[in-house]
Amino acid sequence: MTIDQLATATGERVNAVLRRTVLDHVAPERVAPDRTVPTRPAPDRAAAREFVDEYVVPHADRWDTLGKIPQELLTRIGEAGLWAPFLPAEVGGHGVSMAVLGEIHEEVGRGCSSVRSLLTVHTMVSWALRRWGTETQLRRWGAALAAGDLLGAFCLSEPGAGTDTDSLTTTAQRTDEGWLLNGTKKWITNGQRADLFLVFARGPHGTVALLVPRWSPGVTVLPIEGMLGTRASMLAEVAFRDVALDADALLGPTGLASGMVLTGTLDLGRYSVAVGSVGIIQACLDACSDYASRRQVRGSALRELPLIQAKLSDMVTDVRAARLLCAEAGRLKDLGDPATIMATWVAKYFASCAAAKHASEAVQIHGANGCSPEYPVARFYRDAKVMEIIEGSTEIQRITIAAEADRTWGV
């Protein structure tokens with residue numbers, strides 16, 4: 001298949017389900033009754049910034065070295081109401097908007113991309129449950145996900161297929177009691193810690209989405225370590241061997257998971273990665289501004305050199321541009337505008353590329369110090385590269401954006 005053919009196919013496939021999925025972000029709530037309304041204030045950017053500065057920034061490099069996030073922080077995230085603040089109050093959330101959710105994830109991404117990645121996949125699972133879950137499923141899982149008592153992981157990628165849903169080898173067979181799940185998923189963020197897996201598999205009539213508790217017999221988790229970036233995101237390979245599930249494990253309509261559940265959750269994941277990339281750029285700018293002010297070169301501060309000033313001005317420009325693109329995507333989500341899908345593609349593409357560019361410049365500004373573990377820019381550099389790959393690679397984003405632009409505007 002040529003690039004042009006792939007672009008056309010991608011655009012047609014996405015637009016076939018576009019209008020059915022975009023309103024998922026703002027669809028009327030389907031919630032379980034008799035839940036306690038939270039008494040703590042709804043989190044916002046300011047609260048997230050304060051939380052990150054106190055509990056994340058001082059420890060992020062150590063977690064990166066250890067390759068894991070401590071349970072203490074996971075508990076604190078729940079206490080701060082940051083796991084799934086968009087969930088309605090009836091299940092323990094705060095009903096915050098997508099715009100506010102983006103601001104929260106940006107602040108967390110500024111502190112540590114690994115922590116932000118945990119929020120991303122948990123958000124994807126929680127949002128899918130909110131939109132597609134039955135009342136029984138919401139009663140069982142909703143409040144625990146909102147509080148962070150149970151953590152979610154998104155299981156789509158496979159060892160030989162990546163995220164290509166047409167090539168999935170994981171299967172879900174119907175049984176008299178429900179479902180029998182077999183297959184292996186790879187690169188699963190938070191797979192080492194997650195309690196509830198949202199698994200996409202090939203069903204008898206198309207792709208199905210299944211809620212799989214970690215403790216189900218036949219579930220095996222193998223940690224993945226030594227990654228280039230987001231080293232503390234607790235990646236895992238998750239195998240399912242004759243995992244028997246009851247009928248209520250099915251999330252959403254059978255056969256439509258790839259078009260409805262999957263499209264909506266991946267869009268939300270891209271949005272989180274985009275705002276997280278903005279956080280990386282901001283972290284690079286903060287670190288470089290501080291370093292260039294303190295570092296002396298021939299009796300003058302490094303930041304007085306015109307070339308350094310140019311690099312810093314580019315960071316300022318791109319972080320503002322990326323933030324505005326993400327804000328537009330969030331605003332359109334809250335309006336239920338189908339244009340949010342395209343806006344999110346553009347935001348993710350621009351922000352992730354800008355993060356990779358400026359993280360590289362941040363290392364350059366720091367010189368040899370930038371290559372050492374004593375300064376966080378080395379971590380920013382490694383994490384930023386990951387942003388160009390996850391939730392749709394840079395190349396796929398470009399193909400998809402071009403296809404949608406051609407369909408919409410004839411560009």
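The table below lists the values:
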{"read-out": "The lone exception for Pro373 - which of (1) in a loop (DSSP other than H, G, I, E, B); (2) closer than 27 Å to Glu158 by Cα it fails", "value": "(2)"}
{"read-out": "Strands (runs of 3 or more DSSP E) lying entirely in region 130-206 (those with 3 or more residues that are more than 23 Å from Thr75 (Cα to Cα) and out of contact with any Lys or Arg (no Cβ under 6 Å at 6 or more places or on another chain))", "value": "171-174, 178-188, 196-203"}
{"read-out": "Region 163-187 residues that are outside the structural domain of Glu225 (by TED's automatic domain parsing), paired with ones that are outside any strand (DSSP E or B) and surrounded by 18 or more Cβ atoms within 10 Å (Cβ to Cβ) (beta carbon under 9 Å, 6 or more apart)", "value": "none"}
{"read-out": "Among (1) touching a residue at least 60 places away in the same chain (Cβ under 8 Å); (2) out of contact with any helix residue (DSSP H, G or I) (no Cβ under 7 Å at 6 or more places or on another chain); (3) small (Gly, Ala, Ser), the one test that Ala99 misses", "value": "(2)"}
{"read-out": "Residue match in region 378-386 (condition: more than 24 Å from the chain's Cα centre (by Cα), in contact (Cβ under 8 Å) with a residue 12 or more places away in the chain and surrounded by fewer than 21 Cβ atoms within 10 Å (Cβ to Cβ))", "value": "no"}
{"read-out": "Meets criteria (assigned to a helix (DSSP H, G or I) and either touching a Cys at 6+ places or on another chain (Cβ under 6 Å) or at pLDDT below 95 (or both)) for Ala343", "value": "no"}
{"read-out": "When residues of region 50-65 are limited to those that are surrounded by fewer than 18 Cβ atoms within 10 Å (Cβ to Cβ) and touching a residue at least 60 places away in the same chain (Cβ under 8 Å), the one farthest from Glu107 (Cα to Cα)", "value": "Thr65"}
{"read-out": "Only listed residue being touching a residue at least 40 places away in the same chain (Cβ under 8 Å), touching a helix residue (DSSP H, G or I) at 6+ places or on another chain (Cβ under 9 Å), farther than 17 Å from Val363 by Cβ and aliphatic (A, V, I, L, M), chosen from Ala292, Ala274, Ala287, Ala301", "value": "Ala274"}
{"read-out": "Hits in region 205-230 (condition: within 25 Å of Pro253 (Cβ to Cβ) and buried (at least 21 other Cβ atoms within 10 Å of the Cβ))", "value": "Thr207, Val208, Ala209, Leu210, Leu211, Val212"}
{"read-out": "Pair list, Cβ < 7 Å and 6+ apart or interchain, from region 197-219 residues that are free of Cβ contacts under 8 Å to residues at least 40 places away in the same chain to residues that are part of a loop (DSSP other than H, G, I, E, B) and among the β-branched types (Val, Ile, Thr)", "value": "Ala201/Thr170; Arg202/Thr170"}
{"read-out": "Count - residues of region 350-362 that are farther than 13 Å from Val278 by Cβ and either crowded, with 24+ Cβ neighbours inside 10 Å or within 16 Å of the chain's Cα centre (by Cα) (or both)", "value": "1"}
{"read-out": "Residues that are assigned to a helix (DSSP H, G or I) and at pLDDT below 50, drawn from region 21-67", "value": "Thr21, Val22, Leu23, Asp24, His25, Val26"}
{"read-out": "Filter result for Gly279 (over 28 Å from Cys371 (Cβ atoms) and not aliphatic (A, V, I, L, M))", "value": "no"}
{"read-out": "Test for Leu312: is it more than 25 Å from Ala128 (Cα to Cα), more than 19 Å from the chain's Cα centre (by Cα) and free of Cβ contacts under 8 Å to residues at least 60 places away in the same chain", "value": "yes"}
{"read-out": "Which listed residue, of Ile401, Ile341, Ile365, is closer than 30 Å to Gly95 by Cβ, in contact (Cβ under 8 Å) with a residue 24 or more places away in the chain, of a type outside the set (Gly, Ala, Ser) and not assigned by TED's automatic domain parsing to the domain that holds Thr120", "value": "Ile341"}
{"read-out": "Qualifying positions in region 286-340 - of a type in the set (Gly, Ala, Ser), surrounded by fewer than 16 Cβ atoms within 10 Å (Cβ to Cβ) and either outside any helix (DSSP H, G or I) or touching a Gly at 6+ places or on another chain (Cβ under 6 Å) (or both)", "value": "Gly299, Ser300, Ala301, Gly336"}
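The values are calculated or read from the model by the stated rules, or taken from the named source; none is laboratory data. All figures in this text were calculated on a predicted structure; none of them were measured in a lab. Cβ atoms come from the backbone with ideal geometry, glycine included; neighbour counts cover every protein chain shown.
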